[in-house]
């Protein structure tokens with residue numbers, strides 16, 4: 001990855017056998033699986049092992065040239081202190097704005113733009129999930145055919161709402177997350193809540209007065225539409241279901257009047273994430289996403305990157321790229337808070353790396369972080385969003401501070417306001433979200449071939465020399481405009497592969 005590296009990775013499908021001789025004269029001493037590291041020179045014990053021109057570990061013993069370098073041979077470096085970091089020292093080179101690109105989207109009263117036209121039904125507590133799910137099935141079967149301009153109905157099911165310390169300081173995170181997901185641009189400002197009645201998270205606390213941005217026909221703020229299952233008027237299960245369906249139809253009628261219109265690419269709000277990462281993530285898919293991120297910034301759009309533990313080892317890169325000292329301090333604040341959160345659980349960032357990551361060639365979180373952070377491209381970081389908060393009009397490249405868990409990260413990016421999601425994977429995952437389209441990018445051609453009807457973009461062509469990072473970045477950018485316009489559906493949409501919302505709740509459970 002860099003001329004100063006003393007390891008490289010095997011790009012060949014299936015890896016390479018012992019005895020393989022490279023043009024340089026280097027000979028493999030043992031079989032090395034695809035994506036795994038090879039010592040390019042002798043590495044005596046204690047030597048800094050470098051990939052991406054970064055020390056990803058120290059040799060635990062002598063490693064001769066041509067040897068397989070894996071996690072059991074490396075001692076991981078300590079995390080960089082959050083003190084004495086470079087602050088807003090990098091000034092990205094000036095680039096031409098990217099004008100003339102558009103998509104067909106749904107304009108909302110609050111100024112946001114949706115890429116889909118969905119009815120979302122919020123739930124104030126997990127207790128109502130089964131009833132809501134039953135009602136949603138009937139809405140899809142009986143009501144949606146009457147409203148052809150509505151793309152679907154989504155139940156915002158979650159595991160929160162009661163049995164929790166609702167007034168604990170950190171309880172604000174799951175509450176504002178659920179509130180802000182309910183206001184996602186793809187839902188058109190239509191807010192409907194199903195409540196049990198006795199839960200701790202009462203609807204008025206979830207959605208306080210003034211939360212809903214659209215007005216009724218008289219121009220007055222729209223009130224909160226709540227179906228409470230414990231209301232005395234409900235006699236029997238079907239009474240509850242029919243109440244939900246009756247209120248849903250009111251919202252469906254309004255949503256059905258909406259039409260797509262041509263809007264500039266600057267209205268895209270894209271969340272990027274990686275999961276099931278491998279050693280190719282930082283070689284193919286993530287650099288292509290990073291190039292595309294720069295295109296989006298040039299187009300005036302918003303792009304969010306996240307995953308605290310997967311950027312922690314690159315914190316100096318982030319603070320140096322901050323647009324202002326204040327943005328740099330916001331990054332330090334969020335990563336410092338997360339360090340303390342992990343410490344309370346007696347773990348650190350090293351707990352992030354999975355067995356699949358290691359099987360795919362990633363030795364530890366330092367190596368994984370270097371490949372993850374490249375998704376952010378090269379633009380200045382314009383802002384920081386805390387967990388569960390909204391973007392509130394921020395444009396450009398934004399760091400959205402989330403855990404690295406695929407499901408929690410996606411949920412928090414939904415709350416921030418993304419209307420399109422990009423997810424890269426090397427090991428493979430059928431991840432998807434019901435609330436926004438998810439474009440899946442494979443890091444390896446072997447994965448793209450085997451999962452041909454799950455992966456939307458094959459970035460493995462970069463490792464094969466068949467395409468450049470720039471070419472795949474442009475391919476992804478154009479696909480985003482088509483998907484955002486509804487001209488194309490992602491594989492996750494076609495198969496209706498939807499993961500559950502998972503709220504980040506660092507507060508106590510009672």
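Structure notes:
- Residue check: residue 423 meets all listed conditions (1) in a loop (DSSP other than H, G, I, E, B); (2) touching a strand residue (DSSP E or B) at 6+ places or on another chain (Cβ under 6 Å); (3) under 23 Å from residue 296 (Cα atoms) but one, namely (1).
- In this structure, residue 261 does satisfy being surrounded by fewer than 21 Cβ atoms within 10 Å (Cβ to Cβ) and touching a strand residue (DSSP E or B) at 6+ places or on another chain (Cβ under 7 Å).
- Residue within the range 352-361 that is more than 24 Å from residue 15 (Cβ to Cβ) and either modelled with pLDDT under 95 or within 21 Å of the chain's Cα centre (by Cα) (or both) present: yes
- For the range 406-448, the set of residues classified as closer than 18 Å to residue 469 by Cβ, surrounded by fewer than 24 Cβ atoms within 10 Å (Cβ to Cβ) and touching a residue at least 24 places away in the same chain (Cβ under 8 Å) consists of 445 only.
- Any hit, the range 162-177, residues being loosely packed, with under 15 Cβ neighbours inside 10 Å, modelled with pLDDT of 95 or more, assigned by TED's automatic domain parsing to the domain that holds residue 246 and not in a loop (DSSP other than H, G, I, E, B): no
- Test: residue in the range 483-498 that is more than 17 Å from residue 429 (Cα to Cα), modelled with pLDDT of 95 or more, under 20 Å from the mean Cα position of the chain (by Cα) and not in a loop (DSSP other than H, G, I, E, B): yes
- A single entry from 208, 174, 203 fulfils the requirement of being over 21 Å from residue 498 (Cβ atoms) and touching a residue at least 40 places away in the same chain (Cβ under 8 Å): 203.
- Any chance residue 318 is in contact with a helix residue (DSSP H, G or I) (Cβ under 6 Å, 6 or more places away or on another chain) and within 12 Å of residue 384 (Cβ to Cβ): yes
- Filter result for residue 465 (more than 30 Å from residue 163 (Cα to Cα) and in a helix (DSSP H, G or I)): no
- Residue within the range 387-409 that is in contact with a strand residue (DSSP E or B) (Cβ under 6 Å, 6 or more places away or on another chain) and at positive phi present: yes
Listed here are the residues, each with its yes/no results for (1) within 25 Å of the chain's Cα centre (by Cα); (2) crowded, with 16+ Cβ neighbours inside 10 Å; (3) at negative phi; (4) part of a loop (DSSP other than H, G, I, E, B).
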| position | (1), (2), (3), (4) |
| --- | --- |
| 201 | no, yes, yes, yes |
| 210 | no, no, no, yes |
| 234 | no, yes, yes, yes |
| 244 | no, yes, yes, no |
| 253 | no, no, yes, no |
| 283 | yes, yes, yes, yes |
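- Hits in the range 33-49 - residues which are within 21 Å of residue 77 (Cα to Cα) and assigned to a loop (DSSP other than H, G, I, E, B): 36, 40, 41, 42, 44, 45, 46, 47
- Scanning the range 10-32 turns up at least one residue that is in contact with a helix residue (DSSP H, G or I) (Cβ under 6 Å, 6 or more places away or on another chain), modelled with pLDDT under 95, surrounded by 18 or more Cβ atoms within 10 Å (Cβ to Cβ) and assigned to a loop (DSSP other than H, G, I, E, B).
- Just one of the listed residues (310, 261, 326) is at pLDDT 95 or above and under 18 Å from the mean Cα position of the chain (by Cα), namely 310.
The values are calculated or read from the model by the stated rules, or taken from the named source; none is laboratory data. Worth saying up front: this structure is predicted, and the values here are computed from it rather than measured. When we count neighbours, we look across all protein chains shown, and the Cβ atoms used for this are built from the backbone with ideal geometry, even at glycine.
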